[in-house]
Amino acid sequence: MPRMAATAFGHDIDCGLGAAIDLVNTAPETGGAELLDDVDALRGFLSEHRFETVGEITPDHLPAVRAVRSRLLAVLGTEDFDEAVRLVNALITDTGTTPRLARHDGHPWHMHYYAPGAAPSDHIGAECAMSLAFAFAADGRDRFRECASPGCRRLLVDLSRNRCKRFCDSRTCGNRAHVAAYRARRRAAS
Ligand SMILES: [Zn+2]
Ligand SMILES: [Zn+2]
């Protein structure tokens, strides 16, 4: 993983949070369509988020990954923070989370949370749940919210220092965010 300058919780945790958000945004509940609809979509998600899952990904893996996605949606969807914490803890347990230091592919030593040889669903679940746990312990749920675009129900994680992120990273909403920032700068300048 490339090292980036500023992170909210450290590079690996930030990546895990990004993966959790991208995963829940593949669900019909947030995106309006099932975006994790076949094994190629799952492979794409895994490689985009650098999940170093061992073994071949098959269509048989899809239902379990979607089940983990539903559980992450439940964590981020409840109004009750104690309930969110309970759900995260259950996911950490059920995915067989096994923290250990790992070094591979030229990266320095870093933490892995999935058990060696874990199925893709457990691998994703352990990494995402642990990242959420670190974020919850530090900041509660302050950094998680729904996109502010009218009609957009996608979720976002705000890793910015001043916590001003309002729009998700989809093309439509990302552009809207750029236009809003541009107008704010113009207003400030005039
Ligand atoms: Zn790794
Ligand atoms: Zn959006």
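Taking only region 43-81 into account, find how many residues are among the hydroxyl-bearing types (Ser, Thr, Tyr) and closer than 24 Å to Asp105 by Cβ. Please lay out each step first, then the result.
Within region 43-81, the subset among the hydroxyl-bearing types (Ser, Thr, Tyr) is 47, 53, 58, 70, 78.
Subsequent filtering for residues that are closer than 24 Å to Asp105 by Cβ retains 47, 53, 58.
Looking only at that region, the number is 3.
Which number in (1) within 16 Å of ligand 2 (Cβ to nearest atom); (2) under 13 Å from the mean Cα position of the chain (by Cα) marks the one condition that Gly16 misses?
Result: Gly16 fails condition (1) only.
Of the residues in region 1-22, how many are at pLDDT below 75, within 13 Å of ligand 1 (Cβ to nearest atom) and of a type in the set (A, V, I, L, M, F, W, C)?
Residues that pass the stated criteria total 1.
Any idea which of Arg103, Arg43, Arg50 is of a type in the set (D, E, K, R) and touching a residue at least 40 places away in the same chain (Cβ under 8 Å)?
Details: Arg103 fails: touching a residue at least 40 places away in the same chain (Cβ under 8 Å); Arg43 fails: touching a residue at least 40 places away in the same chain (Cβ under 8 Å).
Going through Arg103, Arg43, Arg50 in turn, the sole match is Arg50.
Which residue pairs have Cβ atoms under 6 Å apart, sit 6 or more places apart or on different chains, and have a first residue in region 162-184 that is under 18 Å from Leu23 (Cα atoms) and a second that is among the basic types (Lys, Arg) and assigned to a loop (DSSP other than H, G, I, E, B)?
Cys168/Arg154
Taking region 108-139 only, how many residues are aromatic (Phe, Trp, Tyr) and more than 14 Å from ligand 1 (Cβ to nearest atom)?
Residues of region 108-139 aromatic (Phe, Trp, Tyr): 109, 113-114, 134, 136.
Filter once more, keeping what is more than 14 Å from ligand 1 (Cβ to nearest atom): 134, 136.
Selection size over region 108-139: 2.
Determine whether region 81-96 contains at least one residue that is among the acidic types (Asp, Glu) and within 16 Å of ligand 2 (Cβ to nearest atom).
no
Could you please let me know if Leu72 is within 16 Å of Glu127 (Cβ to Cβ) and touching a Cys at 6+ places or on another chain (Cβ under 7 Å)?
Answer is yes for this residue.
Does Val65 count as surrounded by 13 or more Cβ atoms within 10 Å (Cβ to Cβ), within 16 Å of ligand 2 (Cβ to nearest atom) and under 14 Å from the mean Cα position of the chain (by Cα)?
Details: surrounded by 13 or more Cβ atoms within 10 Å (Cβ to Cβ): yes; within 16 Å of ligand 2 (Cβ to nearest atom): no; under 14 Å from the mean Cα position of the chain (by Cα): yes.
Against the criterion (surrounded by 13 or more Cβ atoms within 10 Å (Cβ to Cβ), within 16 Å of ligand 2 (Cβ to nearest atom) and under 14 Å from the mean Cα position of the chain (by Cα)), Val65 does not qualify.
Within region 101-134, track down each residue that is aliphatic (A, V, I, L, M) and either exposed (fewer than 13 other Cβ atoms within 10 Å of the Cβ) or out of contact with any Leu (no Cβ under 6 Å at 6 or more places or on another chain) (or both). Spell out the reasoning first.
Going through region 101-134, the residues aliphatic (A, V, I, L, M) turn out to be 101-102, 111, 115, 118-119, 124, 126, 129-130, 132-133.
Those that are aliphatic (A, V, I, L, M) and either exposed (fewer than 13 other Cβ atoms within 10 Å of the Cβ) or out of contact with any Leu (no Cβ under 6 Å at 6 or more places or on another chain) (or both): Leu101, Ala102, Met111, Ala115, Ala118, Ala119, Ile124, Ala126, Met130, Leu132, Ala133.
Can you tell me which residues in region 68-82 are of a type outside the set (Gly, Ala, Ser) and surrounded by 13 or more Cβ atoms within 10 Å (Cβ to Cβ)?
Just the residues of region 68-82 that are of a type outside the set (Gly, Ala, Ser), to begin with: 68-69, 71-73, 75-76, 78-82.
Residues satisfying the conditions are Val68, Arg69, Arg71, Leu72, Leu73, Val75, Leu76, Thr78.
For the condition at pLDDT 90 or above, more than 18 Å from Glu29 (Cβ to Cβ) and not assigned by TED's automatic domain parsing to the domain that holds Glu52, what is the one hit in Arg166, Arg185?
Working: Arg185 fails: at pLDDT 90 or above.
It is Arg166.
Among Arg153, Arg176, Arg171, which is basic (Lys, Arg) and under 30 Å from Thr95 (Cβ atoms)? Walk me through how you get there before you give the answer.
On the way: Arg176 fails: under 30 Å from Thr95 (Cβ atoms); Arg171 fails: under 30 Å from Thr95 (Cβ atoms).
Criteria check complete, one pass: Arg153.
Suppose we keep only residues that are assigned to a helix (DSSP H, G or I) and among the hydroxyl-bearing types (Ser, Thr, Tyr) within region 132-190. Which one would you say is farthest from ligand 2 (Cβ to nearest atom)? If you could, list the steps in order and put the result at the bottom.
The initial filter retains those residues of region 132-190 that are assigned to a helix (DSSP H, G or I), namely 132-139, 171-189.
From what is left, the residues that are among the hydroxyl-bearing types (Ser, Thr, Tyr) are 172, 182.
Details: Thr172: 7, Tyr182: 18 Å.
The qualifying residue farthest from ligand 2 (Cβ to nearest atom) is Tyr182.
The values are calculated or read from the model by the stated rules, or taken from the named source; none is laboratory data. Please read all numbers here as calculations on a predicted model, not as lab measurements. Reconstructed Cβ throughout: ideal geometry from the backbone, glycine too, with neighbour counts over all protein chains shown.
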